[in-house]
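Accompanying notes for the structure given below.
The values are calculated or read from the model by the stated rules, or taken from the named source; none is laboratory data. This structure is a prediction, so every number in the text was calculated from the model and none was measured. Glycine also receives a Cβ, built like all others from the backbone with ideal geometry; neighbour counts cover every protein chain displayed. When the accessible area is computed, the model is the full protein with side chains, heavy atoms only, and any ligands, DNA or RNA have been set aside. Shrake-Rupley method; radii C 1.70, N 1.55, O 1.52, S 1.80 Å.
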Amino acid sequence: MQLFHKYFEEWIELYKVGSIRPVTLEKYYMSLHWVTKLAPDVRLCDLDRRSYQTLLNAYAEDHEKQTTMDFHHQIKGAILDAVDEGILTQNPTRKIIIKGKAPREKKPKFLNQHEIQLLLRELDLKQELNWDWFILLVSKTGLRFSEALALTPDDFDFFHQKITITKTWNYRNSKGSFQPTKNTSSVRKIQMDWQLAMQFSQLVKDLEPDQPIFVKKRVFNSTVNNRLKVLCTNAKIPVITVHSLRHTHASLLLFAGVSIASVAKRLGHSSMTTTQETYLHIIQELENQDNDKIMRHLSSLV
């Protein structure tokens with residue numbers, strides 16, 4: 001009878017290859033690696049709730065709870081198909097318990113307005129594009145790392161002060177290449193402030209119109225994060241990552257009173273639910289402030 005990890009491998013090839021983004025496909029192959037490592041001899045026909053829980057528990061020993069949950073969701077898709085196909089008579093993932101290591105201490109997710117201003121003052125903005133210009137751009141637009149890397153001069157509309165996002169840059173590939181956006185909602189136009197538009201109009205005017213403006217050789221996420229670490233240290237503010245600049249951008253907009261719908265659209269989220277879940281703590285703080293305003297208003301009606 002067929003081994004479970006072999007079935008999972010064939011399932012990925014049949015249903016996932018060519019239908020999902022390469023970066024997501026890599027996660028499925030990583031899950032396959034762990035299934036093969038932790039359950040090399042488990043046959044698909046023998047998979048039951050007990051053996052599946054044992055597999056998850058083994059994975060959870062080296063991973064945090066959320067990571068274990070993601071692992072479970074990927075495998076569960078293949079298992080439910082096996083149930084539908086009649087290979088399994090019962091769903092072994094039913095009432096499963098998700099465990100995991102205690103989460104690591106989280107790094108700061110975003111900077112406040114004073115801290116981001118201190119960071120931007122540290123930038124060394126030269127006459128030619130460098131990573132400090134990249135950091136400024138992400139801070140002011142909330143672009144994803146791969147979206148900002150994929151920008152070409154053609155993506156800028158300086159007359160209307162807009163940037164058009166239609167692609168990302170596959171920086172994980174050694175050669176690098178353009179690839180689709182994370183989802184259809186990520187295809188969008190982002191308004192720039194006049195100062196940023198003026199600055200970049202000069203920086204990109206002599207560059208190839210269809211070539212990425214920041215990519216000269218292979219790019220690593222750590223390159224920008226290391227530069228950010230130096231800047232944050234010099235500014236005496238919490239050290240953040242380039243992705244945290246996106247969170248910072250969104251949080252400052254929310255605190256400024258921009259609607260959740262507008263923030264979601266600017267970030268390229270597939271739904272407002274994603275925005276609400278990501279920035280729940282900020283939204284709750286704003287609701288508390290609103291409640292105070294409501295009470296002050298009602299008390300003045302006496």
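Remarks
- Residue match in segment 65-85 (condition: at pLDDT 95 or above and part of a loop (DSSP other than H, G, I, E, B)): no
- Among (1) surrounded by 14 or more Cβ atoms within 10 Å (Cβ to Cβ); (2) part of a loop (DSSP other than H, G, I, E, B) - the single one residue 115 does not satisfy: (2)
- Exactly one residue out of 121, 94, 104 is exposed (fewer than 14 other Cβ atoms within 10 Å of the Cβ), under 22 Å from residue 230 (Cβ atoms) and not hydroxyl-bearing (Ser, Thr, Tyr): that is 121.
- Screening segment 5-41 for residues that are in a loop (DSSP other than H, G, I, E, B) and charged (D, E, K, R) and picking the one that is nearest to residue 78 (Cα to Cα) gives 16.
- Members of segment 167-191 that are open to solvent by 70 Å² or more (accessible area, probe 1.4 Å) and among the polar types (S, T, N, Q): 174, 184, 191
- Some residue of segment 195-214 being on the phi > 0 side of the Ramachandran plot and either buried (at least 16 other Cβ atoms within 10 Å of the Cβ) or touching a residue at least 40 places away in the same chain (Cβ under 8 Å) (or both): no
- Flag for residue 233 being surrounded by 14 or more Cβ atoms within 10 Å (Cβ to Cβ) and not acidic (Asp, Glu): no
- Just one residue in the set 189, 162, 167 is of a type in the set (Lys, Arg), over 19 Å from residue 139 (Cβ atoms) and modelled with pLDDT of 95 or more; that residue is 167.
- Residue ID - least open to solvent (accessible area, probe 1.4 Å), chosen from residues in segment 1-25 that are in contact (Cβ under 8 Å) with a residue 60 or more places away in the chain and farther than 25 Å from residue 88 by Cα: 23
- Restricting segment 26-46 to residues that are in contact with a Leu (Cβ under 8 Å, 6 or more places away or on another chain) and touching a residue at least 24 places away in the same chain (Cβ under 8 Å), the residue that is nearest to residue 66 (Cα to Cα) is 35.
- Residue, farthest from residue 188 (Cα to Cα), within segment 263-302, restricted to residues that are open to solvent by less than 60 Å² (accessible area, probe 1.4 Å), of a type in the set (Ser, Thr, Tyr) and assigned to a helix (DSSP H, G or I): 278
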